[in-house]
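The values are calculated or read from the model by the stated rules, or taken from the named source; none is laboratory data. Keep in mind the model is a prediction, meaning the values are calculated, not measured. Here the Cβ positions follow ideal geometry from the backbone for every residue, glycine too, while neighbour counts run over all protein chains shown.
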Amino acid sequence: MNRLVSADRVINVGKVLAYKRFEDDFRTLPKEVQGRVLRALSHIQADPFRGQKLKGVAIGRWRYRVGDYRIRYDIEGSAIHLHIVRHRKEVYR
């Protein structure tokens, strides 16, 4: 288990869980973007607070930019839940 330190928090990342919708989205991405998303996921796992906290929604909801694509994820306890990865024009619909 990795121990992570953020400016105001310490979190132990136990699991990274991908929802089926995330997996389906990932499969439809161009191969080049898939590689960039995989690299981004390693950054998220190393420090989930690197992303940007979503405003006006429940606590623990985050996004991470990968060029024109966005990864939407939640931090719940020691787990990271991956929800969607889509083009920025589609992700917030």
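Here is how the numbers come out for the structure above:
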quantity: Test: VAL85 is touching a helix residue (DSSP H, G or I) at 6+ places or on another chain (Cβ under 6 Å), assigned to a strand (DSSP E or B), of a type outside the set (Asp, Glu) and modelled with pLDDT of 95 or more; calculated: yes
quantity: Filtered residue count, region 34-60, keeping only those that are outside any helix (DSSP H, G or I) and surrounded by 18 or more Cβ atoms within 10 Å (Cβ to Cβ); calculated: 1
quantity: Counted residues, region 34-57 - those being within 16 Å of ALA79 (Cα to Cα) and not basic (Lys, Arg); calculated: 10
quantity: Residues satisfying the stated conditions in region 61-93, i.e. surrounded by 13 or more Cβ atoms within 10 Å (Cβ to Cβ) and among the hydroxyl-bearing types (Ser, Thr, Tyr); calculated: TYR64, TYR69, TYR73, SER78
quantity: Failed item, numbered, when ASP25 is tested on (1) modelled with pLDDT under 95; (2) outside any strand (DSSP E or B); calculated: (1)
